[in-house]
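Peer 1: Here's a structure for you.
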Amino acid sequence: MGLGCNAAGVVGCRIVDSPRERLIAVLTNSLIPCNGRFPTLIALLALFCAGGGLAAGAALAGLVVLGVAGTLLVSRLLSATLLRGEPSAFTMELPPYRRPRPGQIVVRSLLDRTIFVLGRAAAVAAPAGLLIWLCANWTPGGLSLFARCAGALDGLGGLLGMDGVILTAFLLSCPANELFLPLLLMGYLSTGVLAEPEDLTALGQLLTGSGWTGLTAVCVLLFTLFHWPCATTCLTVWRETGKLRWAAASAVIPTLLGGLLCLVVASAARLLGLA
């Protein structure tokens, strides 16, 4: 379910009977790329993956497999450290087969899933929109908050194979992962509004003109795959577990993994003279 929406995937973890294993599933759900991250992955692979559409498709499949491998690895580490315990057997009892009731299906799915997730998203969207507008349009000292944040993060971004604008776009896209590319363009173009790319060619020219290399693209792909989940997912984790620390852990775990991978890749590329 996390491939569609990590928030819905967290809610779907209710089916796991063991509290310990349910918590592990909740904490690792965001290691699977959701629909909000696929547009960024697909666009960057189409631009920077040599070999055409077939190679880009294979690379995308490889990233999904990497997400699954990360989920299994982190789940194993949590089971052996913070969340040790006896493994349980999974048994699903199938109810008696009955003729579907369309009305009941629609009502229960709307109340239990759709409205729940949309309510969380709406609670995040309004303040997030105001924050993004302020960052782009409030210019104390003649420099926008976005530009100041990007400048402050340039050192860390360079260490991870990226730059300050990229990290700022990741931070401000916390309400919804779909915002990353529009925020990235807003930062590079220095506009006060979110910008959509006209086409992939124009996007590629803008990125390469802004200093992107193959290494930058690889690190952005890795960090897109492994970084904090959207705010709606974090709120859902908080509600499902009842504890703020587990919501924080669900954001810290993938971010540490993504940051470590980017650091290793960027450092290796520099040592080999590829960057």
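Peer 1: If the only charges are +1 at each Lys and Arg Cβ and -1 at each Asp and Glu Cβ, what is the size of the charge dipole of the chain around the Cα centre, to the nearest 20 debye?
Peer 2: Once rounded to the nearest 20, the dipole reads 920 debye.
Peer 1: If Lys and Arg each add +1 and Asp and Glu each add -1, what is the summed charge of the other residues whose beta carbon sits under 11 Å from the beta carbon of Gly164? Display every interim value, and only then the final one.
Peer 2: Values: positive: Arg148; negative: Asp154, Asp163.
Once positives and negatives cancel, what remains is -1.
Peer 1: Related question: Under 8 Å for C-alpha pairs, at least 6 residues apart: give me the relative contact order for the stretch 106-252, rounded to a whole percent.
Peer 2: 19 percent
Peer 1: Can you order the peptides 182-195, 140-153 by their average number of other Cβ atoms within 10 Å per residue, highest first? Before the final figure, lay out each step's value.
Peer 2: Details: 182-195: 18.1, 140-153: 15.4.
Sorting 182-195, 140-153 by mean packing, highest first, produces 182-195, 140-153.
Peer 1: Sorted from largest down, give the three principal axis spans of the alpha carbons of the stretch 215-275, whole angstrom values.
Peer 2: Principal-axis extents of the stretch 215-275 (Cα, largest first): 48, 16, 9 Å.
Peer 1: Which one, Cys174, Ala25, Ile105, is farthest towards the positive end of the dipole of the chain when Lys and Arg carry +1 and Asp and Glu -1 on their Cβ?
Peer 2: About the Cα centre, the residue reaching furthest to the positive side is Ile105.
Peer 1: Still on this structure: Mind putting together the pair-distance distribution for the stretch 136-214? All Cα pairs, 5 Å bins, whole percent per bin, short to long.
Peer 2: Pair shares across the bins are 3, 16, 25, 28, 20, 8, 1, 0.
Peer 1: Under a point-charge model restricted to the Cβ atoms of Lys and Arg (+1) and Asp and Glu (-1), what is the dipole moment magnitude of the stretch 1-156 relative to its Cα centre, in debye to the nearest 20?
Peer 2: 440 debye
Peer 1: Can you give me the relative contact order of the chain as a percent, contacts being Cα pairs under 8 Å and 6 or more apart?
Peer 2: Relative contact order, the chain: 23 percent.
Rule-based calculations on the coordinates, nothing more; no lab input. Being a predicted model, the structure only gives us computed values, none of them experimental. Every residue, glycine among them, receives a Cβ derived from its backbone with ideal geometry; neighbour counts consider all protein chains shown.
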